[in-house]
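The values are calculated or read from the model by the stated rules, or taken from the named source; none is laboratory data. All values reported here derive from a predicted model rather than from experimental measurement. Neighbour counts run over all protein chains shown; Cβ positions are idealised from the backbone, glycine included. The protein model used for the area step is the full one, side chains on, heavy atoms only, and it has no ligands, DNA or RNA in it. Shrake-Rupley method; radii C 1.70, N 1.55, O 1.52, S 1.80 Å.
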Amino acid sequence: MAEIVADAPQRVAGRPRLRGAALFGTVPFFAFVTIFLVVPTLTVVIGAFTGDGGRGFTLANVRALTDDYIVAAFGRSITLSASSALIGAVVGAILAYALVTAKPDGLLRRLVTAAAGVLAQFGGVTLAFAFLATIGLSGFVTLWLQEHGLDPYANGVWLFELPGLTLVYTYFQIPLMVIVFLPALDGIRPQWREAHVSLGGNTWQYWTRVAGPLLAPAFLGSTLLLFANAFSAYATAAALVSQGSPIVPLQIRGALSSEVVLGQANLGKAMALGMVVVVAVVMTLYSLLQKRTAKWLG
Amino acid sequence: MARVIFRWTVLSVMGVFFLLPLVAMVEFSTRDAKTWPLLLDWPRLSAEYPALAEGIVASLAQAALTSLLMLALLVPTAVWVRLRLPRLRRLVEFLCLLPLTIPAIVLVVGLAPVYAWVNYFLGGSSLTLVFAYTILVLPYAYRAIDAGLSAIDVKTLAEAARSLGAGWATVILRVVLPNIRSAVLSAAFLTVALVLGEFTIASLLHRTNLQVAIEFLGKSSAGVSVAVSLAALLLAFVLLLVLSLAGNSKKGRTS
(Lines give C-alpha, C1' and ligand atoms only; values in the text may rest on other atoms or scores of the structure.)
Protein backbone atom coordinates (compact mmCIF):
# COMPACT_ATOMS: atom_id res chain seq x y z
CA MET A 1 0.00 0.00 0.00
CA ALA A 2 2.71 2.43 0.98
CA GLU A 3 4.54 1.49 -2.17
CA ILE A 4 1.56 2.25 -4.38
CA VAL A 5 1.06 5.63 -2.73
CA ALA A 6 4.71 6.43 -3.19
CA ASP A 7 4.57 5.28 -6.80
CA ALA A 8 1.54 7.18 -7.99
CA PRO A 9 2.71 10.80 -7.75
CA GLN A 10 6.09 9.82 -9.12
CA ARG A 11 4.55 8.56 -12.32
CA VAL A 12 2.52 11.73 -12.75
CA ALA A 13 5.58 13.83 -12.21
CA GLY A 14 7.55 11.54 -14.50
CA ARG A 15 5.62 12.35 -17.65
CA PRO A 16 6.77 15.88 -18.37
CA ARG A 17 10.32 15.02 -17.42
CA LEU A 18 10.18 12.15 -19.85
CA ARG A 19 9.10 14.40 -22.69
CA GLY A 20 12.00 16.68 -21.94
CA ALA A 21 14.30 13.70 -22.08
CA ALA A 22 12.72 12.64 -25.36
CA LEU A 23 13.41 16.07 -26.83
CA PHE A 24 17.00 15.64 -25.77
CA GLY A 25 17.40 12.85 -28.34
CA THR A 26 16.87 15.26 -31.21
CA VAL A 27 19.42 17.81 -29.99
CA PRO A 28 22.28 16.69 -32.28
CA PHE A 29 20.09 16.91 -35.36
CA PHE A 30 18.60 20.28 -34.54
CA ALA A 31 21.94 21.72 -33.44
CA PHE A 32 23.59 20.64 -36.68
CA VAL A 33 20.79 21.86 -38.90
CA THR A 34 20.69 25.16 -37.04
CA ILE A 35 24.39 25.85 -37.51
CA PHE A 36 24.73 24.73 -41.11
CA LEU A 37 21.31 25.45 -42.58
CA VAL A 38 19.25 27.87 -40.50
CA VAL A 39 22.10 30.24 -39.65
CA PRO A 40 23.32 30.49 -43.28
CA THR A 41 19.77 31.11 -44.48
CA LEU A 42 19.26 33.83 -41.89
CA THR A 43 22.68 35.26 -42.71
CA VAL A 44 21.54 35.75 -46.29
CA VAL A 45 18.17 37.23 -45.32
CA ILE A 46 19.53 39.56 -42.63
CA GLY A 47 22.68 40.42 -44.57
CA ALA A 48 20.59 41.53 -47.53
CA PHE A 49 19.19 44.30 -45.33
CA THR A 50 22.38 45.18 -43.47
CA GLY A 51 24.67 48.03 -44.35
CA ASP A 52 28.36 47.56 -45.08
CA GLY A 53 30.43 47.30 -41.96
CA GLY A 54 27.90 44.95 -40.45
CA ARG A 55 25.43 47.15 -38.61
CA GLY A 56 22.31 49.12 -39.32
CA PHE A 57 19.21 48.35 -41.32
CA THR A 58 19.33 49.50 -44.91
CA LEU A 59 17.45 48.97 -48.12
CA ALA A 60 20.48 50.02 -50.17
CA ASN A 61 21.46 46.44 -51.09
CA VAL A 62 17.97 45.52 -52.17
CA ARG A 63 17.66 48.80 -54.05
CA ALA A 64 20.95 48.02 -55.78
CA LEU A 65 19.19 45.00 -57.27
CA THR A 66 17.53 47.42 -59.67
CA ASP A 67 20.92 48.40 -61.11
CA ASP A 68 20.96 47.79 -64.82
CA TYR A 69 23.55 45.04 -64.83
CA ILE A 70 21.82 43.07 -62.07
CA VAL A 71 18.40 43.42 -63.66
CA ALA A 72 19.96 42.24 -66.92
CA ALA A 73 21.53 39.25 -65.14
CA PHE A 74 18.18 38.30 -63.59
CA GLY A 75 16.56 38.71 -67.00
CA ARG A 76 19.11 36.43 -68.64
CA SER A 77 18.82 33.90 -65.81
CA ILE A 78 15.05 33.80 -66.21
CA THR A 79 15.29 33.57 -70.01
CA LEU A 80 17.79 30.72 -69.75
CA SER A 81 15.73 28.86 -67.14
CA ALA A 82 12.44 29.37 -68.97
CA SER A 83 13.74 28.33 -72.38
CA SER A 84 15.59 25.28 -71.08
CA ALA A 85 12.54 24.36 -68.95
CA LEU A 86 10.17 24.66 -71.92
CA ILE A 87 12.37 22.65 -74.27
CA GLY A 88 13.01 20.09 -71.54
CA ALA A 89 9.32 19.86 -70.67
CA VAL A 90 8.08 19.38 -74.24
CA VAL A 91 10.78 16.92 -75.29
CA GLY A 92 10.65 15.13 -71.94
CA ALA A 93 6.87 14.78 -72.15
CA ILE A 94 7.13 13.27 -75.62
CA LEU A 95 9.77 10.84 -74.38
CA ALA A 96 7.66 9.98 -71.34
CA TYR A 97 4.65 9.35 -73.58
CA ALA A 98 6.75 7.06 -75.77
CA LEU A 99 7.66 5.13 -72.63
CA VAL A 100 4.06 4.86 -71.43
CA THR A 101 3.08 3.13 -74.65
CA ALA A 102 5.71 0.47 -73.91
CA LYS A 103 5.17 -2.48 -71.58
CA PRO A 104 4.90 -1.14 -67.99
CA ASP A 105 7.30 -3.67 -66.48
CA GLY A 106 9.37 -4.18 -69.60
CA LEU A 107 13.13 -3.90 -69.73
CA LEU A 108 12.98 -0.86 -72.02
CA ARG A 109 10.99 1.23 -69.59
CA ARG A 110 13.04 0.18 -66.58
CA LEU A 111 16.27 0.93 -68.39
CA VAL A 112 15.17 4.35 -69.65
CA THR A 113 13.74 5.46 -66.28
CA ALA A 114 16.93 4.31 -64.56
CA ALA A 115 19.03 6.20 -67.10
CA ALA A 116 16.82 9.28 -66.69
CA GLY A 117 17.28 9.11 -62.92
CA VAL A 118 21.03 9.14 -63.40
CA LEU A 119 21.16 11.80 -66.11
CA ALA A 120 18.89 14.17 -64.18
CA GLN A 121 21.58 14.31 -61.49
CA PHE A 122 24.28 14.87 -64.08
CA GLY A 123 25.46 18.42 -64.08
CA GLY A 124 28.32 20.61 -63.15
CA VAL A 125 31.88 20.51 -64.34
CA THR A 126 31.67 17.05 -65.90
CA LEU A 127 28.65 18.03 -67.97
CA ALA A 128 30.38 21.19 -69.15
CA PHE A 129 33.43 19.17 -70.17
CA ALA A 130 31.28 16.59 -71.91
CA PHE A 131 29.87 19.33 -74.09
CA LEU A 132 33.30 20.90 -74.62
CA ALA A 133 34.46 17.53 -75.91
CA THR A 134 31.36 17.34 -78.12
CA ILE A 135 30.85 20.79 -79.61
CA GLY A 136 33.72 22.74 -78.11
CA LEU A 137 36.10 24.42 -80.53
CA SER A 138 38.01 21.17 -81.05
CA GLY A 139 35.12 18.90 -80.12
CA PHE A 140 34.15 15.64 -81.76
CA VAL A 141 31.02 16.91 -83.49
CA THR A 142 32.50 20.31 -84.38
CA LEU A 143 35.46 18.70 -86.16
CA TRP A 144 33.17 16.24 -87.94
CA LEU A 145 30.89 19.02 -89.13
CA GLN A 146 33.82 21.13 -90.28
CA GLU A 147 35.18 18.20 -92.29
CA HIS A 148 31.85 18.13 -94.07
CA GLY A 149 31.91 21.81 -94.83
CA LEU A 150 29.62 22.98 -92.03
CA ASP A 151 30.86 25.28 -89.34
CA PRO A 152 28.51 25.53 -86.33
CA TYR A 153 30.47 28.56 -85.17
CA ALA A 154 30.48 30.43 -88.49
CA ASN A 155 28.52 33.25 -86.85
CA GLY A 156 30.55 33.35 -83.65
CA VAL A 157 31.02 30.95 -80.76
CA TRP A 158 27.64 30.56 -79.07
CA LEU A 159 28.52 27.66 -76.75
CA PHE A 160 29.67 29.96 -73.94
CA GLU A 161 26.64 32.22 -74.17
CA LEU A 162 22.94 31.75 -73.48
CA PRO A 163 22.14 29.52 -76.48
CA GLY A 164 24.99 27.20 -75.50
CA LEU A 165 23.96 27.13 -71.86
CA THR A 166 20.37 26.35 -72.90
CA LEU A 167 21.57 23.41 -74.97
CA VAL A 168 23.74 22.09 -72.14
CA TYR A 169 20.95 22.51 -69.57
CA THR A 170 18.46 20.53 -71.66
CA TYR A 171 20.77 17.57 -71.12
CA PHE A 172 19.63 17.32 -67.49
CA GLN A 173 16.20 18.94 -67.94
CA ILE A 174 14.78 16.31 -70.31
CA PRO A 175 15.55 13.36 -67.99
CA LEU A 176 14.15 15.27 -65.01
CA MET A 177 10.93 15.87 -66.95
CA VAL A 178 10.67 12.15 -67.72
CA ILE A 179 10.98 11.31 -64.03
CA VAL A 180 8.44 13.84 -62.75
CA PHE A 181 5.93 13.56 -65.61
CA LEU A 182 5.81 9.78 -65.96
CA PRO A 183 3.65 9.20 -62.84
CA ALA A 184 1.04 11.67 -64.17
CA LEU A 185 0.92 9.88 -67.52
CA ASP A 186 0.52 6.59 -65.68
CA GLY A 187 -2.49 8.09 -63.91
CA ILE A 188 -4.38 8.38 -67.22
CA ARG A 189 -6.58 5.30 -67.33
CA PRO A 190 -7.17 3.46 -70.62
CA GLN A 191 -10.86 3.20 -69.66
CA TRP A 192 -11.24 6.96 -70.13
CA ARG A 193 -10.08 6.69 -73.69
CA GLU A 194 -12.37 3.71 -74.27
CA ALA A 195 -15.30 5.65 -72.82
CA HIS A 196 -14.41 8.62 -75.01
CA VAL A 197 -14.20 6.49 -78.16
CA SER A 198 -17.39 4.60 -77.35
CA LEU A 199 -19.18 7.94 -77.08
CA GLY A 200 -18.01 8.81 -80.59
CA GLY A 201 -14.96 11.01 -79.92
CA ASN A 202 -11.87 11.03 -82.08
CA THR A 203 -8.20 11.20 -81.15
CA TRP A 204 -7.90 14.98 -81.54
CA GLN A 205 -10.87 15.53 -79.24
CA TYR A 206 -9.47 13.02 -76.77
CA TRP A 207 -6.22 14.96 -76.43
CA THR A 208 -7.76 18.43 -76.38
CA ARG A 209 -10.85 17.71 -74.24
CA VAL A 210 -9.89 14.79 -71.98
CA ALA A 211 -6.22 13.97 -71.61
CA GLY A 212 -4.93 17.49 -72.25
CA PRO A 213 -6.86 19.26 -69.49
CA LEU A 214 -6.21 16.35 -67.10
CA LEU A 215 -2.48 16.51 -67.73
CA ALA A 216 -2.23 20.31 -67.84
CA PRO A 217 -1.56 20.85 -64.10
CA ALA A 218 1.04 18.09 -64.07
CA PHE A 219 2.74 19.48 -67.17
CA LEU A 220 2.76 23.04 -65.86
CA GLY A 221 3.96 21.92 -62.44
CA SER A 222 6.78 19.87 -63.93
CA THR A 223 7.80 22.81 -66.11
CA LEU A 224 8.00 25.00 -63.01
CA LEU A 225 10.15 22.41 -61.26
CA LEU A 226 12.46 22.38 -64.28
CA PHE A 227 12.59 26.17 -64.19
CA ALA A 228 13.66 26.17 -60.54
CA ASN A 229 16.20 23.47 -61.32
CA ALA A 230 17.82 25.52 -64.07
CA PHE A 231 17.57 28.76 -62.12
CA SER A 232 19.52 27.31 -59.18
CA ALA A 233 22.20 25.64 -61.29
CA TYR A 234 25.66 27.11 -60.86
CA ALA A 235 28.45 24.63 -61.51
CA THR A 236 27.69 23.94 -65.18
CA ALA A 237 27.64 27.62 -66.04
CA ALA A 238 30.68 28.36 -63.89
CA ALA A 239 32.75 25.75 -65.69
CA LEU A 240 31.54 26.82 -69.12
CA VAL A 241 31.60 30.60 -68.80
CA SER A 242 34.94 31.95 -67.70
CA GLN A 243 34.59 35.50 -68.98
CA GLY A 244 31.91 37.85 -67.73
CA SER A 245 28.96 37.00 -65.52
CA PRO A 246 25.88 36.76 -67.69
CA ILE A 247 23.58 35.07 -65.14
CA VAL A 248 22.80 35.69 -61.48
CA PRO A 249 24.71 32.74 -59.94
CA LEU A 250 27.84 33.98 -61.72
CA GLN A 251 27.19 37.53 -60.53
CA ILE A 252 27.07 36.14 -56.99
CA ARG A 253 30.40 34.42 -57.62
CA GLY A 254 31.79 37.78 -58.64
CA ALA A 255 30.37 39.48 -55.54
CA LEU A 256 31.76 36.74 -53.29
CA SER A 257 35.27 36.86 -54.68
CA SER A 258 35.55 40.64 -54.87
CA GLU A 259 33.55 41.72 -51.85
CA VAL A 260 36.59 43.01 -50.00
CA VAL A 261 37.70 45.15 -52.90
CA LEU A 262 34.43 46.76 -53.78
CA GLY A 263 33.08 47.21 -50.29
CA GLN A 264 29.77 45.75 -51.40
CA ALA A 265 29.85 42.88 -48.94
CA ASN A 266 26.12 42.48 -48.79
CA LEU A 267 25.14 42.97 -52.40
CA GLY A 268 25.82 39.27 -52.98
CA LYS A 269 23.45 38.47 -50.15
CA ALA A 270 20.76 40.66 -51.70
CA MET A 271 21.16 38.85 -55.03
CA ALA A 272 21.05 35.52 -53.19
CA LEU A 273 17.85 36.63 -51.49
CA GLY A 274 16.43 37.57 -54.88
CA MET A 275 17.19 34.05 -56.12
CA VAL A 276 15.52 32.51 -53.07
CA VAL A 277 12.42 34.64 -53.64
CA VAL A 278 12.15 33.55 -57.28
CA VAL A 279 12.68 29.88 -56.39
CA ALA A 280 10.22 30.08 -53.48
CA VAL A 281 7.48 31.59 -55.67
CA VAL A 282 8.04 28.97 -58.36
CA MET A 283 8.10 26.10 -55.87
CA THR A 284 4.91 27.31 -54.16
CA LEU A 285 3.09 27.32 -57.49
CA TYR A 286 4.57 23.90 -58.16
CA SER A 287 3.22 22.43 -54.95
CA LEU A 288 -0.24 23.92 -55.61
CA LEU A 289 -0.29 22.33 -59.06
CA GLN A 290 1.05 19.12 -57.58
CA LYS A 291 -1.96 18.94 -55.24
CA ARG A 292 -4.32 19.35 -58.16
CA THR A 293 -2.46 16.63 -60.06
CA ALA A 294 -2.73 14.26 -57.10
CA LYS A 295 -6.47 14.95 -56.92
CA TRP A 296 -7.08 14.26 -60.60
CA LEU A 297 -4.55 11.61 -61.45
CA GLY A 298 -3.51 10.16 -58.09
CA MET B 1 1.97 -0.11 -85.29
CA ALA B 2 2.13 3.67 -85.59
CA ARG B 3 2.78 3.73 -81.86
CA VAL B 4 5.70 1.35 -82.13
CA ILE B 5 7.27 3.43 -84.90
CA PHE B 6 6.68 6.61 -82.89
CA ARG B 7 8.20 5.06 -79.78
CA TRP B 8 11.34 3.87 -81.50
CA THR B 9 11.82 7.08 -83.45
CA VAL B 10 11.62 9.12 -80.25
CA LEU B 11 13.88 6.75 -78.37
CA SER B 12 16.55 6.63 -81.07
CA VAL B 13 16.67 10.40 -81.50
CA MET B 14 16.93 10.83 -77.73
CA GLY B 15 19.46 8.03 -77.54
CA VAL B 16 21.73 9.81 -80.02
CA PHE B 17 21.39 13.12 -78.15
CA PHE B 18 22.24 11.58 -74.80
CA LEU B 19 24.98 9.22 -75.97
CA LEU B 20 26.77 11.69 -78.24
CA PRO B 21 28.49 13.67 -75.45
CA LEU B 22 29.62 10.45 -73.81
CA VAL B 23 31.01 9.11 -77.08
CA ALA B 24 32.67 12.47 -77.69
CA MET B 25 34.31 12.26 -74.26
CA VAL B 26 35.71 8.83 -75.11
CA GLU B 27 36.98 10.10 -78.45
CA PHE B 28 38.41 13.31 -76.97
CA SER B 29 40.22 11.53 -74.14
CA THR B 30 41.75 8.92 -76.44
CA ARG B 31 43.28 11.44 -78.84
CA ASP B 32 46.41 11.18 -76.76
CA ALA B 33 47.06 7.46 -76.27
CA LYS B 34 48.94 8.07 -73.03
CA THR B 35 45.97 9.58 -71.16
CA TRP B 36 44.13 6.48 -69.98
CA PRO B 37 47.19 4.41 -68.99
CA LEU B 38 48.27 7.39 -66.89
CA LEU B 39 44.96 7.39 -65.02
CA LEU B 40 45.40 3.75 -64.06
CA ASP B 41 48.93 4.36 -62.80
CA TRP B 42 48.35 6.01 -59.44
CA PRO B 43 51.97 6.78 -58.49
CA ARG B 44 52.68 8.45 -61.82
CA LEU B 45 49.37 10.29 -61.76
CA SER B 46 50.05 11.74 -58.34
CA ALA B 47 53.55 12.68 -59.42
CA GLU B 48 52.47 14.43 -62.61
CA TYR B 49 49.20 15.93 -61.43
CA PRO B 50 49.45 16.30 -57.64
CA ALA B 51 46.42 18.61 -57.48
CA LEU B 52 44.26 16.04 -59.24
CA ALA B 53 45.42 13.22 -56.96
CA GLU B 54 44.72 15.39 -53.95
CA GLY B 55 41.24 16.15 -55.30
CA ILE B 56 40.45 12.48 -55.86
CA VAL B 57 41.54 11.53 -52.34
CA ALA B 58 39.64 14.48 -50.86
CA SER B 59 36.44 13.60 -52.71
CA LEU B 60 36.56 9.94 -51.68
CA ALA B 61 37.12 10.88 -48.04
CA GLN B 62 34.33 13.49 -48.22
CA ALA B 63 31.93 10.95 -49.72
CA ALA B 64 32.65 8.38 -47.02
CA LEU B 65 32.49 10.84 -44.12
CA THR B 66 29.36 12.56 -45.43
CA SER B 67 27.58 9.20 -45.67
CA LEU B 68 28.57 8.39 -42.09
CA LEU B 69 27.59 11.77 -40.69
CA MET B 70 24.29 11.74 -42.62
CA LEU B 71 23.39 8.31 -41.25
CA ALA B 72 24.47 9.11 -37.70
CA LEU B 73 22.38 12.26 -37.75
CA LEU B 74 19.34 11.12 -39.66
CA VAL B 75 18.59 7.51 -38.68
CA PRO B 76 18.38 7.97 -34.89
CA THR B 77 16.48 11.24 -35.28
CA ALA B 78 13.97 9.81 -37.75
CA VAL B 79 13.37 6.73 -35.58
CA TRP B 80 13.17 8.77 -32.40
CA VAL B 81 10.75 11.32 -33.84
CA ARG B 82 8.52 8.56 -35.20
CA LEU B 83 8.39 6.78 -31.85
CA ARG B 84 8.43 9.48 -29.25
CA LEU B 85 7.82 12.90 -30.79
CA PRO B 86 5.35 12.48 -33.66
CA ARG B 87 4.45 16.15 -33.40
CA LEU B 88 7.97 17.16 -34.43
CA ARG B 89 7.81 15.09 -37.61
CA ARG B 90 6.53 17.93 -39.76
CA LEU B 91 9.29 20.23 -38.52
CA VAL B 92 12.02 17.65 -39.15
CA GLU B 93 10.62 16.97 -42.60
CA PHE B 94 10.45 20.69 -43.37
CA LEU B 95 14.06 21.24 -42.30
CA CYS B 96 15.27 18.22 -44.24
CA LEU B 97 13.54 19.29 -47.44
CA LEU B 98 14.49 22.96 -47.06
CA PRO B 99 17.81 22.64 -48.95
CA LEU B 100 15.79 21.74 -52.06
CA THR B 101 14.48 25.29 -52.25
CA ILE B 102 17.80 26.94 -51.41
CA PRO B 103 20.16 26.90 -54.38
CA ALA B 104 23.68 25.76 -53.49
CA ILE B 105 25.07 29.11 -54.61
CA VAL B 106 22.81 30.86 -52.08
CA LEU B 107 23.79 28.41 -49.36
CA VAL B 108 27.44 29.25 -50.02
CA VAL B 109 26.78 32.93 -49.47
CA GLY B 110 25.35 32.13 -46.04
CA LEU B 111 27.90 29.45 -45.27
CA ALA B 112 30.90 31.70 -45.84
CA PRO B 113 30.67 33.36 -42.37
CA VAL B 114 29.93 30.00 -40.70
CA TYR B 115 33.01 28.54 -42.36
CA ALA B 116 35.08 31.43 -41.07
CA TRP B 117 34.38 29.93 -37.64
CA VAL B 118 34.95 26.38 -38.89
CA ASN B 119 38.34 27.55 -40.18
CA TYR B 120 39.09 29.02 -36.79
CA PHE B 121 38.24 25.86 -34.82
CA LEU B 122 39.03 23.03 -37.24
CA GLY B 123 41.34 24.55 -39.83
CA GLY B 124 40.90 24.86 -43.57
CA SER B 125 41.03 21.17 -44.45
CA SER B 126 38.87 20.13 -47.39
CA LEU B 127 37.31 17.52 -45.10
CA THR B 128 35.40 20.27 -43.30
CA LEU B 129 33.16 20.43 -46.38
CA VAL B 130 31.51 17.31 -44.98
CA PHE B 131 29.27 19.55 -42.84
CA ALA B 132 27.93 21.49 -45.81
CA TYR B 133 27.56 18.32 -47.88
CA THR B 134 25.50 16.66 -45.17
CA ILE B 135 23.04 19.56 -45.47
CA LEU B 136 23.10 19.25 -49.24
CA VAL B 137 22.18 15.55 -49.25
CA LEU B 138 19.63 15.88 -46.46
CA PRO B 139 16.51 15.98 -48.70
CA TYR B 140 17.46 12.92 -50.71
CA ALA B 141 18.71 10.93 -47.74
CA TYR B 142 15.70 11.87 -45.63
CA ARG B 143 13.26 10.74 -48.31
CA ALA B 144 15.03 7.41 -48.71
CA ILE B 145 15.21 6.73 -44.98
CA ASP B 146 11.67 7.96 -44.32
CA ALA B 147 10.35 5.66 -47.05
CA GLY B 148 12.27 2.79 -45.48
CA LEU B 149 10.83 3.52 -42.04
CA SER B 150 7.31 3.82 -43.45
CA ALA B 151 7.59 0.35 -44.93
CA ILE B 152 8.20 -1.32 -41.55
CA ASP B 153 6.26 -1.21 -38.31
CA VAL B 154 8.82 0.71 -36.26
CA LYS B 155 6.56 1.04 -33.24
CA THR B 156 5.85 -2.67 -32.82
CA LEU B 157 9.46 -3.59 -33.44
CA ALA B 158 10.65 -1.06 -30.89
CA GLU B 159 8.07 -2.07 -28.30
CA ALA B 160 8.91 -5.74 -28.75
CA ALA B 161 12.61 -5.03 -28.33
CA ARG B 162 12.03 -2.72 -25.36
CA SER B 163 9.80 -5.27 -23.62
CA LEU B 164 12.60 -7.79 -23.95
CA GLY B 165 14.91 -5.38 -22.19
CA ALA B 166 16.74 -3.68 -25.04
CA GLY B 167 18.03 -0.13 -24.58
CA TRP B 168 17.38 2.59 -27.16
CA ALA B 169 20.80 2.17 -28.72
CA THR B 170 20.10 -1.52 -29.25
CA VAL B 171 16.68 -0.75 -30.68
CA ILE B 172 18.11 1.63 -33.27
CA LEU B 173 21.32 -0.19 -34.10
CA ARG B 174 20.26 -3.84 -33.92
CA VAL B 175 16.51 -3.84 -34.52
CA VAL B 176 15.53 -0.91 -36.74
CA LEU B 177 18.73 -0.47 -38.75
CA PRO B 178 18.88 -4.04 -40.13
CA ASN B 179 15.25 -3.71 -41.18
CA ILE B 180 15.84 -0.58 -43.23
CA ARG B 181 19.23 -1.52 -44.64
CA SER B 182 18.14 -1.16 -48.26
CA ALA B 183 16.89 2.36 -47.53
CA VAL B 184 20.15 3.14 -45.72
CA LEU B 185 22.09 1.78 -48.66
CA SER B 186 20.19 3.89 -51.16
CA ALA B 187 20.65 7.00 -49.01
CA ALA B 188 24.38 6.28 -48.86
CA PHE B 189 24.60 5.68 -52.62
CA LEU B 190 22.83 8.95 -53.37
CA THR B 191 25.14 10.72 -50.95
CA VAL B 192 28.26 9.32 -52.60
CA ALA B 193 27.01 10.21 -56.08
CA LEU B 194 26.11 13.75 -55.05
CA VAL B 195 29.34 14.40 -53.17
CA LEU B 196 31.47 13.11 -56.05
CA GLY B 197 29.74 15.62 -58.34
CA GLU B 198 29.81 18.64 -56.02
CA PHE B 199 31.61 21.73 -57.25
CA THR B 200 29.80 24.89 -56.15
CA ILE B 201 30.50 24.86 -52.43
CA ALA B 202 34.02 23.46 -52.64
CA SER B 203 35.11 25.96 -55.25
CA LEU B 204 33.62 29.03 -53.58
CA LEU B 205 34.85 28.12 -50.10
CA HIS B 206 38.36 27.66 -51.55
CA ARG B 207 38.69 23.98 -50.77
CA THR B 208 39.56 21.16 -53.08
CA ASN B 209 37.76 18.09 -54.30
CA LEU B 210 37.55 16.07 -57.48
CA GLN B 211 35.44 18.57 -59.43
CA VAL B 212 37.54 21.55 -58.41
CA ALA B 213 40.66 19.67 -59.49
CA ILE B 214 39.09 18.71 -62.82
CA GLU B 215 38.05 22.27 -63.51
CA PHE B 216 41.50 23.56 -62.63
CA LEU B 217 43.12 20.92 -64.84
CA GLY B 218 40.80 21.74 -67.74
CA LYS B 219 42.67 24.98 -68.24
CA SER B 220 46.03 23.30 -68.85
CA SER B 221 45.48 19.73 -70.06
CA ALA B 222 42.03 19.21 -71.51
CA GLY B 223 42.57 15.56 -72.45
CA VAL B 224 43.33 14.39 -68.93
CA SER B 225 40.51 16.42 -67.40
CA VAL B 226 37.97 14.99 -69.86
CA ALA B 227 39.25 11.49 -69.12
CA VAL B 228 38.90 12.00 -65.37
CA SER B 229 35.45 13.53 -65.89
CA LEU B 230 34.41 10.45 -67.82
CA ALA B 231 35.80 8.11 -65.17
CA ALA B 232 34.02 9.99 -62.36
CA LEU B 233 30.86 10.05 -64.41
CA LEU B 234 30.92 6.32 -65.08
CA LEU B 235 31.44 5.65 -61.38
CA ALA B 236 28.43 7.79 -60.46
CA PHE B 237 26.37 6.25 -63.30
CA VAL B 238 27.12 2.73 -62.10
CA LEU B 239 26.28 3.64 -58.49
CA LEU B 240 22.96 5.27 -59.36
CA LEU B 241 22.02 2.74 -62.02
CA VAL B 242 22.55 -0.16 -59.62
CA LEU B 243 20.50 1.75 -57.08
CA SER B 244 17.53 2.45 -59.33
CA LEU B 245 17.49 -0.97 -60.99
CA ALA B 246 17.67 -2.65 -57.58
CA GLY B 247 14.83 -0.44 -56.34
CA ASN B 248 12.70 -1.22 -59.39
CA SER B 249 13.17 -4.97 -59.24
CA LYS B 250 12.29 -5.02 -55.56
CA LYS B 251 9.08 -3.10 -56.20
CA GLY B 252 8.22 -5.66 -58.86
CA ARG B 253 8.72 -8.53 -56.45
CA THR B 254 6.57 -7.24 -53.61
CA SER B 255 3.64 -6.10 -55.72
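Numerical summary
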{"quantity": "Globularity index of the range B:137-191, i.e. its alpha-carbon radius of gyration over 2.2 N^0.38 Å", "calculated": "1.19"}
{"quantity": "Sequence-distant aspartates and glutamates (8 or more away, or on other chains) whose Cα lies within less than 16 Å of A:LYS103", "calculated": "A:ASP186"}
{"quantity": "Relative compactness, chain A, computed as alpha-carbon Rg over 2.2 N^0.38 Å", "calculated": "1.37"}
{"quantity": "Buried area at the B-A interface (accessible, heavy atoms, 1.4 Å probe, summed, Å²)", "calculated": "6200 Å²"}
{"quantity": "Rounded FRET efficiency, nearest 0.05, which uses the C-beta distance separating B:PHE18 from B:ARG44 and R0 of 45 Å", "calculated": "0.85"}
{"quantity": "Share of Cα-Cα pairs in chain B lying beyond 22 Å, as whole percent", "calculated": "65 percent"}
{"quantity": "Label point distance in nm, B:LEU164-B:VAL238, each placed 7 Å from Cα along Cα→Cβ", "calculated": "3.9 nm"}
{"quantity": "Tensor-based shape of the range A:191-298 (alpha-carbon gyration tensor, a/c under 1.5 rounded, otherwise prolate or oblate)", "calculated": "prolate"}
{"quantity": "Accessible-area composition of the protein assembly as shown, carbon plus sulfur, in percent [1.4 Å probe]", "calculated": "68 percent"}
{"quantity": "Shape of the range B:1-131, Cα gyration tensor, a/c cut at 1.5", "calculated": "oblate"}
{"quantity": "Nitroxide proxy distance, nm - points 7 Å out along Cα→Cβ at A:SER287 and A:ALA195", "calculated": "3.2 nm"}
{"quantity": "Average accessible surface area per residue within the range A:25-69, 1.4 Å rolling probe, Å²", "calculated": "55 Å²"}
{"quantity": "Among B:ASN119, B:ASN209, B:ASN179: highest mean-square fluctuation, GNM of chain B, C-alpha pairs under 10 Å", "calculated": "B:ASN119"}
{"quantity": "Chain A, helix-only ellipticity at 222 nm - DSSP H runs n ≥ 4, -39,500 (n - 2.57), divided by all residues, nearest 500", "calculated": "-24000 deg cm²/dmol"}
{"quantity": "Reachable aspartates and glutamates, given that their alpha-carbon falls under 16 Å from the alpha-carbon of B:LYS219 and they are not under 8 places away in the same chain", "calculated": "B:GLU48"}
{"quantity": "A:LYS269 accessible area, assembled protein chains, probe 1.4 Å, Å²", "calculated": "40 Å²"}
{"quantity": "Built amide H within the under 5 Å cut-off of A:THR50, gap 5+", "calculated": "A:THR58"}
{"quantity": "Projected label distance in nm at A:THR208 and B:ALA246, using a 7 Å step from Cα toward the beta-carbon", "calculated": "5.0 nm"}
{"quantity": "Candidates A:GLY187, A:GLY201, A:GLY75: whichever shows maximal mean-square fluctuation once chain A is modelled as a Gaussian network with Cα springs under 10 Å", "calculated": "A:GLY201"}
